[in-house]
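**Student:** Submitted below is the structure of interest, expressed as structure tokens.
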Amino acid sequence: MDYLFKTFDELERSAIKCSKNAPKRLQHSTYLYFIARFFVSMYEVLYAEIPIQVWNEYRNALDHLFRYISTPVENDHLKKMEGHLLRSVLDITKLMYYKSKEYLDNEGNIYKDDEVVRQLASAAEELFIKARQEDIDLGGESNQDVKILKLYMQCAFLVIDLRSHINNKITSNVKI
């Protein structure tokens, strides 16, 4: 199965390019939303369900955007909006990891001996553990937040590759 972005670098380049079209104060929010939107789409394709907690973060982010726009005095609603968008990326990438782990422990278990499955699952788990160890520092400096986000996003791309590999194995075994 082909996807719009095959690597984290491709996704990030497109997110940066898209965010440059936004007003300066909204560029980081646009970057975060672009990334979240991609992973939400992938989650919905791979797992055929809507990640409600991520949509709740979107709703909260939108609420803060309109509060920012409609409040005549300087306020912190843009910062709060970015916080919700950051959480949406974190939530969706973590959900993707947990869902893939659940899948492999259950119906995907028949592929546990496949070398590619083992390698991708192991690499995803290593990245996820590293990200979890570092995400205690979230909410500090923006650079640190982006570094941690990148770990989770790279893990999510491994999960996408893993599911794609399994899906290809499934479809190659189907007789028409």
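The values are calculated or read from the model by the stated rules, or taken from the named source; none is laboratory data. Note that the structure is a prediction, hence the values are computed from the model and not measured. Virtual Cβ from ideal backbone geometry, glycine too; neighbours counted across all protein chains shown.
**Student:** Take Glu74 and decide whether it is closer than 26 Å to Tyr3 by Cβ and without any contact (Cβ under 8 Å) to a residue 24 or more places away in the chain.
**Tutor:** no
**Student:** Taking only segment 40-65 into account, find how many residues are loosely packed, with under 12 Cβ neighbours inside 10 Å and either closer than 19 Å to Ser19 by Cα or polar (S, T, N, Q) (or both).
**Tutor:** Residues meeting the conditions: 0.
**Student:** Right, something else. I'd like to know if segment 59-72 contains one or more residues that are of a type in the set (Gly, Ala, Ser) and in contact with a Cys (Cβ under 7 Å, 6 or more places away or on another chain).
**Tutor:** Within segment 59-72, none of the residues are of a type in the set (Gly, Ala, Ser) and in contact with a Cys (Cβ under 7 Å, 6 or more places away or on another chain).
**Student:** Considering only segment 136-143, I want to know if a residue exists there that is in contact with an Asp or Glu (Cβ under 9 Å, 6 or more places away or on another chain) and at pLDDT 90 or above.
**Tutor:** Within segment 136-143, not a single residue is in contact with an Asp or Glu (Cβ under 9 Å, 6 or more places away or on another chain) and at pLDDT 90 or above.
**Student:** Okay, next question. Going by the conditions given, is Ile160 among the aliphatic types (A, V, I, L, M), at pLDDT below 90 and surrounded by 20 or more Cβ atoms within 10 Å (Cβ to Cβ)?
**Tutor:** The answer is no for Ile160.
**Student:** Say we look at segment 66-116 and pick out the residues that are within 24 Å of Glu44 (Cα to Cα), among the β-branched types (Val, Ile, Thr) and surrounded by fewer than 20 Cβ atoms within 10 Å (Cβ to Cβ); which of these is modelled with the highest pLDDT?
**Tutor:** So the residue we want is Val116.
**Student:** Name the residues in segment 40-64 that are among the hydroxyl-bearing types (Ser, Thr, Tyr) and more than 24 Å from Leu26 (Cα to Cα), would you?
**Tutor:** Tyr43, Tyr47 - these are the residues of segment 40-64 that are among the hydroxyl-bearing types (Ser, Thr, Tyr) and more than 24 Å from Leu26 (Cα to Cα).
**Student:** From the list Ala22, Ala36, which one is without any contact (Cβ under 8 Å) to a residue 60 or more places away in the chain, closer than 16 Å to Leu149 by Cβ and in contact with a helix residue (DSSP H, G or I) (Cβ under 6 Å, 6 or more places away or on another chain)?
**Tutor:** Ala36
**Student:** Which one is surrounded by the most Cβ atoms within 10 Å (Cβ to Cβ), of the residues in segment 1-21 that are at pLDDT below 95 and in a loop (DSSP other than H, G, I, E, B)?
**Tutor:** Phe5
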